[in-house]
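Everything on this sheet refers to the single structure shown next.
The values are calculated or read from the model by the stated rules, or taken from the named source; none is laboratory data. Note that the structure is predicted; figures quoted are calculated from it, not measured. FYI the Cβ positions are ideal-geometry reconstructions off the backbone, even for glycines, and counts take in every protein chain you see. Ligands, DNA and RNA are excluded from the accessible area calculation, which covers all protein heavy atoms including side chains. Shrake-Rupley method; radii C 1.70, N 1.55, O 1.52, S 1.80 Å.
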Amino acid sequence: LKTNPLNENQLAALAALTKDLTHEQAIWMSGYLEGRLSAANPGEAGTFVVQETVTPATIAKLTILYGTETGNAKDLAERLAEKAAFKNIEGNVVSMYDFNYKKLKDEENLAVIVSTHGEGDPPDMADDFYKYLTGTRAPKLENVSYSVLALGDKSYREYCKTGKDFD
């Protein structure tokens, strides 16, 4: 999913230009670009035209699953959905209690945030999903882009085991 409309050369030039800007200079540059945008006429030499590249039909969708005992994974899932919205990604936060895991193979983009409870066990709300995903009925997820964020306590021997098993 590419949200940056700049090519590699433009991005490198922008990084070089902005590398050492002071806060005041960055504010000035922001105003300068805003002025250029408001004065831009399509096809006029020396100006640029901003085209809306994301339409409701092309907004990416992301299912964010969470499994938690203490609420930390849920909080992170909600924060991820908020951040995704800034990138025109529609984040749908779902508890592992409420997720129909038999439709997992139909997901396109999936983020899993899960804690490990006790000595390597999944949290209660993730238990059925864990059994399904690590069992013989688990589907091939060839067309699913996914990530796993595992939460845990380093003092346990099986640190983040549930997330590692999901991955």
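Could you sort the peptides 142-150, 113-121 by per-residue average Cβ neighbour count (10 Å cutoff), highest mean leading?
Packing order, densest peptide first, comes out as 113-121, 142-150.
At 1.4 Å probe size, what's the solvent-accessible area of ILE59? Round to the nearest 10 Å².
The accessible area of ILE59 comes to roughly 60 Å².
With respect to the cross-link table entries LYS19/LYS154; LYS87/LYS131; LYS83/LYS103; LYS105/LYS164; LYS19/LYS87, which display a Cα-Cα separation exceeding 31 Å?
LYS19/LYS154; LYS87/LYS131
Hey, what do the phi angles of the stretch 115-126 turn into as Karplus ³J(HN,Hα) couplings, whole Hz, using 6.51/-1.76/1.60 and θ = phi - 60°, x for Gly and Pro?
Karplus values, whole Hz, x for Gly and Pro: 9, 9, 9, x, 8, x, 8, x, x, 3, 5, 9.
What is the stretch 106-167 by shape, rounded, prolate or oblate, if you read a ≥ b ≥ c off the alpha carbon gyration tensor as root eigenvalues and call it rounded for a/c under 1.5, prolate for a/b larger than b/c, and oblate otherwise?
Prolate.
Tell me, what HN-Hα J-couplings in whole Hz come from the Karplus equation 6.51 cos²θ - 1.76 cosθ + 1.60 at θ = phi - 60° for each residue of the stretch 63-73, using x for Gly and Pro?
With coefficients 6.51, -1.76 and 1.60, one gets 8, 10, 8, 9, x, 8, 9, 9, x, 4, 5 Hz.
Give the long-range amide H neighbours of CYS160: residues separated by 5 or more places, or on another chain, with amide H under 5 Å away, using H modelled in the peptide plane at 1.01 Å from N.
Distant-sequence amide H within range of CYS160: THR116, ASP153.
I'd like to check one number: the per residue accessible area of the stretch 78-124, probe 1.4 Å, reported in Å² as a whole number.
Ligands and nucleic acids excluded, the figure is 62 Å² per residue.
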